[in-house]
1. Show me, for the range B:103-109, the HN-Hα J-couplings you get by feeding each phi into the Karplus relation (A = 6.51, B = -1.76, C = 1.60, θ = phi - 60°), rounded to Hz, glycine and proline as x.
2. Give the cross-link partners of C:Lys47 among the aspartates and glutamates, using a straight C-alpha distance below 15 Å as the criterion and excluding same-chain residues fewer than 8 apart.
3. Are any of the pairs C:Lys100/C:Lys224; A:Lys104/A:Lys275; A:Lys33/A:Lys104; C:Lys43/C:Lys95 more than 18 Å apart by Cα-Cα distance, and if so, which?
4. Binning every alpha carbon pair distance of chain A at 10 Å from zero, what are the percents per bin?
5. How are the Cα pair distances of the range B:154-263 distributed, in percent, across 10 Å bins from 0?
6. What are the aspartates and glutamates whose alpha-carbon lies under 19 Å from the alpha-carbon of B:Lys159, with same-chain residues fewer than 8 places away excluded?
7. Determine the shape class of the range A:138-200: with a ≥ b ≥ c the square roots of the Cα gyration tensor eigenvalues, call it rounded for a/c under 1.5, and otherwise prolate if a/b is greater than b/c, oblate otherwise.
8. Output ³J(HN,Hα) for the range A:214-221: one whole-Hz value per residue in order, computed from phi by the Karplus curve 6.51 cos²θ - 1.76 cosθ + 1.60 with θ = phi - 60°, and x for Gly and Pro.
Amino acid sequence: MKVAAALEARPLPADTRMRHLRAYRSMARTGLKSLLAYQTSFLFGMLASTFGALSMLYLWRSVLSAGPRHGFDWPQMKAYLLVAFVAGSLVSSYTDYRMANRIKQGDVAIDLVRPVDYQWSRFAESLGVAAYEAGTAVVVALGAAALLGGVPLPDPDTFGLFVVSALLVFPLRFGIVYMSGLLVFWTQNYVGLQAARIALITLFSGALVPLVFLPEWIQVASAYLPFAGMASTPALLYSGSLGGGAAATAVLVQAVWSAGLWLLARGMWSAACRKLTIHGG
Amino acid sequence: MRRTIRLYRRLLGAQVRATLEYEADFWIMSLSAVLVQGIGVVFLWAIFESIPEINGWRFWEVVLIYAFVVISEGLSTLFTQGAWTLAVTVNFGQLDALLMRPFPPLLQVLSSEVGFNGLGNLVLGIGLVAAAVRHVDFTWSPGRIALGVILVIAAAGVKIGLNLLTNCAAFWLRSPYSMFAFSMHTFGELARFPITIYGLGVRIAITAVLPYAFMSYFPAAAVLSDGTARLLGLLTPLVAIYCLWLGATAFRLGLSRYESSGH
Amino acid sequence: MPTHRPEPRRRSDVDFSASVVGLASAKVHDGSVTLIQAIGLRKVFRKPDKAPGIRGSLRHLVQRRYSEHVAVDSIDLSIAEGEAVAYVGPNGAGKSTTVKMLSGILVPTAGQVHVDGLVPHRARVENARRVGVVFGQRTQLWWDLPVRESLELLRDMHGIDRSRYQERLERFDSVLGLGDLLPVTARKLSLGQRMRADLAAALLHEPRVVYLDEPTIGLDISVKDRVRSFVRQLVSEGTTVMLTTHDLSDIEEICQRIIIIDEGRLVYDGNLQAVKDTHVRERTMSFELEDSLLGADQIAARLPGARVHLESNGRELAVTFDRMTLGARQVLSAVLAEVEIVDMHIDEPAIESVVRKVYAGQLQAEHGGATNSEPMR
């Protein structure tokens, strides 16, 4: 297979680039449609994460009724957890499953000979899915908020940064999920990988609880890891717990990690292709 | 009966060997289980680091409730993980082979997978219990230890029964994914904390509709002889029998509408 | 629990006490025992009519609509002990559905089934002790285990003692060449290997009744032959065999009786030879001639009712005739009276043509092998 040729990044003529853009757009639509085909399962999956979020909300309501901790009062915590919930729902239902299955069954060979870039294709699909995931999660979050006495509006000072930060959640989560999917080239098992990935993200992204509540070593580690940008940063910005220079820095870190993960994933993909071409699909 | 248990063990043992065929899988699954459970503990620690008690429950008492969930899930994962295969087995017609073997189909389904990650749960759960009983303020008597053992087993029965019940939805939902059962499983995880923190609707649902509270909160209360929940906790064995009966009945009804596939 | 050691060949093993309904295991006219009995067997599958998307799903919740598909429509069957029956019909005719009801996998929508005195879907475990099933498209082996372990698990489930088990393995090895397959994990077997292992798994406990659903599908010729001769051997030992297949050679080599269904209904049930006599009356004799002939009119005149065809080279002659009105000998002497022949052969009627007629809707429904006077062509 001419993997090497497919991998070579040549500058494309303008009309080719347009054609590719159209291809990716239709892939985004395909991703969304595939998700709709499994709608019942998707909604039950969403229900599952809703229960997870609900238990956290109830727990913190009860804990914080005694007064604020680590600078978080109940309304702030509620806002934090709901934003973290929506962020956590992105790229959570389709991309990695499909990748893992196709790699395991060898169908990935077909993806290799397609005249579009593998990583951009998965990115486009995930984007289509993410639109639906985000929409559903926002509805669920609003429902939960209504149940628990409303959510305070976002902090107006950091709102602009919050929007940027929220948008950056997607490439970050895509990078991690995509790479964990690629690992199947080496492990052939995905269930365990996925569980480990979810556990790591849950711990280091501050999805369950703001990172300040966690032991010192976790806070230090998460400062050097890409995960905080996947929940903690936007949630902190929304709940107004992050301001000034720290806020701008946090968003910048998100952006740098997004680019970094993208490049890292590229490297991993070419390693995977080498493995595929040497050992066969 | 002895023969049935022996065969069940045989079937599980065969699955152990089959699973160990993929050695990398085994390590990935075990490590990820330790990771997942460990994070749960870190989280628990984070909460109690900031407050001494939740709704009158002290840290080590909540740890005991938590440990009940961890152990129930561990036992259910180790010995009856096969319930989670129902969605695929039923909807791809793979139940056919099981129905043609002279051993109860339900037991074949339950023993058709071994979840090694359950081992991680058991280790952690027992560790948590050991740590909790040293800090919880009461005296141990042989009677209380016996009660504890009975309640742990009964709690596992509750989990196994409800697991089976929710996975039997596969007969009706016709989807090869067990997302319904998974969402109910996460609902059950609400029982990791004293259920008094939840709203009334949740409390009723988790006590009476899908009584997951009987795999942790109520039996823990009974062991601690604490509060009004204690009396309900003593009913755990009955609830376990009820849940197992529900699961088996759902399976029986499901089988009668099983359509194989490719007719 | 005592170890169950099946010795299903003895007729006294028929478990009358277990029969739930009196008509199970009824005696049949010729003194043999009816092993499989179905009365008015019917299976209806219900599929939800759901429009796609969320809106469709929601509407379905409120207003449930189903479309019904009748897979098997009031079928009566009665198969005696030791019979080998071919169950034939086009795709989707309801063959597999019938077999799945007879084996207890599916619960019938209506009607009664009794196999060896049991209602299969009510007494699943007991039924499984007496019955063996092979589904050509799907394995019963444990996917991730070596074949040997699958067989040992089945041995323990059936409670077969070790020496008997060893004997069975040796037998399977000699007939099916099982020995080489024992250490191989099921998922790594080729289709032909898997079929051989599956046959061993289904027959390990010496079942009285064996259902074979497309047992030769996708196999290469040599494995097919092996499987067929093995099944023939089973039949000769008195096992009752019901065979579903698309492969007509399977039928001709194994079965004496044929049941044809189409669209869930019984179309024909009778003796295989009688079917051939009735519906495949045309035979063709082909001759290679010593010298070329210019015309075959004289031969045709000697054989009224037969069609005589001479190839353009004048050296190959084919005579097609009704075997009920003309004998092969008559045809031969008629030809010999006109020309010298070098070689000849007779095309035997194939069951294929009967089935093709069924598929084409030419055959009228009938039972018990009664003759049909439908004209041929």
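No value in this document is a laboratory result; all are computed from the given coordinates. Note that the structure is predicted; figures quoted are calculated from it, not measured. Please note: Cβ atoms are built from the backbone with ideal geometry, for glycine as well, and neighbour counts cover all protein chains shown.
1. Taking θ as phi minus 60°, the curve returns 8, x, x, 4, 5, 5, 5 Hz for the range B:103-109.
2. List returned: B:Glu259, C:Glu68.
3. C:Lys100/C:Lys224; A:Lys33/A:Lys104
4. Spelled out bin by bin, chain A gives 6, 27, 33, 22, 9, 2, 0 percent.
5. So the P(r) values, bin by bin, are 15, 42, 28, 11, 3, 1.
6. Partners found: B:Glu73, B:Glu113, B:Glu189.
7. Judged from the Cα gyration tensor, the range A:138-200 comes out oblate (a/c at least 1.5, b/c at or above a/b).
8. With the stated coefficients, the range A:214-221 comes to 8, x, 3, 4, 5, 5, 4, 4 Hz.
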